[in-house]
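Visitor: The structure's right below; bear with me while I get my questions together.
Where a number appears in this text, it was derived from the coordinates with a stated rule and is not lab data. This structure is a prediction, so every number in the text was calculated from the model and none was measured. A quick note on method: Cβ atoms are made from the backbone with ideal geometry, for glycine too, and the neighbour counts reach across all protein chains shown.
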Amino acid sequence: MTLYGYFRSSTSYRTRIAMNLKGLDYDYISVNLAKDEQLADAFKSLNPQGLVPVLQTDDLLLYQSPAILEWLEEVHSENPLLPKDAAGRMQVRAISAMIGCDIHPINNRRILQYLRNELAVDEEKVMAWCNRWMSEGFAALEKILAKQKPWKILLR
Ligand SMILES: N[C@@H](CCC(=O)N[C@@H](CS)C(=O)NCC(=O)O)C(=O)O
């Protein structure tokens, strides 16, 4: 298998972490986001979205890290990523969605570049944008993680 990623990309390292936890052997190809290599035709022929990570197997091209993680879990069941119980799995998926759907996408490089380059937002305001959504998102996440059985919070 070959993983295309970038060292500062959190979606790439969540995929690397899962593959390493499962003890999988793979080659790694760096796509330098700082040089916009993700937008080159060569990479876009792998993923038309121009986003890392991409995982290539002998017969599949996988993209979107949550889908890759689920595929890894289904095909390589060793060292499972998800708990056995349904409530525990729900919790892992909920926490993953907090980061993957609500925090990460609005602070992604292309979003910040759009703010800077297309909307002429100055750097201080771009940082204020990141701080706002990351602080709010991770503060809620910390509260959830502080509970032993966080999915029961709403039942109290
Ligand atoms: N939902 C996608 C998001 C992938 C994504 O946004 N990757 C970022 C790096 S963390 C990227 O490639 N950004 C390129 C850019 O912003 O131009 C996933 O989870 O795989």
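Visitor: Just how large is the dipole of region 1-86 about the Cα centre, in debye to the nearest 20, putting +1 at every Lys and Arg Cβ and -1 at every Asp and Glu Cβ? The partial results should precede the final answer.
Guide: Working: 7 positive and 12 negative charges, 79 e Å.
Around 380 debye, computed over region 1-86.
Visitor: Take a quick pass over the chain and tell me how many lysine pairs come in under 25 angstrom between Cα atoms, counting only ones 8 or more apart or on separate chains. Working shown, then result.
Guide: On the way: LYS22/LYS84; LYS35/LYS44; LYS35/LYS125; LYS84/LYS143; LYS84/LYS147; LYS84/LYS149; LYS84/LYS152; LYS143/LYS152.
Here the count comes out as 8.
Visitor: Got the relative contact order for region 49-156 handy, in percent, Cα pairs under 8 Å and 6 or more residues apart? Mind dumping the intermediate values first?
Guide: Values: 47 pairs, mean separation 18.6, N = 108.
This gives 17 percent for region 49-156.
Visitor: May I ask which residue of ALA140, SER30, PRO83 lies farthest towards the positive end of the charge dipole of the chain, with charges of +1 (Lys, Arg) and -1 (Asp, Glu) on Cβ and the Cα centre as origin?
Guide: Toward the positive end, the furthest listed residue is ALA140.
Visitor: Restricting attention to the alpha-carbon atoms of the chain, what are Rg (one decimal) and Dmax (integer), both in Å?
Guide: Rg and Dmax of the chain, Cα atoms, are 17.5, 53 Å.
Visitor: OK, next. What size of dipole, in debye to the nearest 20, comes out for the chain about its Cα centre when the only charges are +1 on Lys and Arg C-beta atoms and -1 on Asp and Glu C-beta atoms? Could you put the intermediate results ahead of the total?
Guide: Values: 19 positive and 19 negative charges, 173 e Å.
For the chain, the charge dipole is close to 840 debye.
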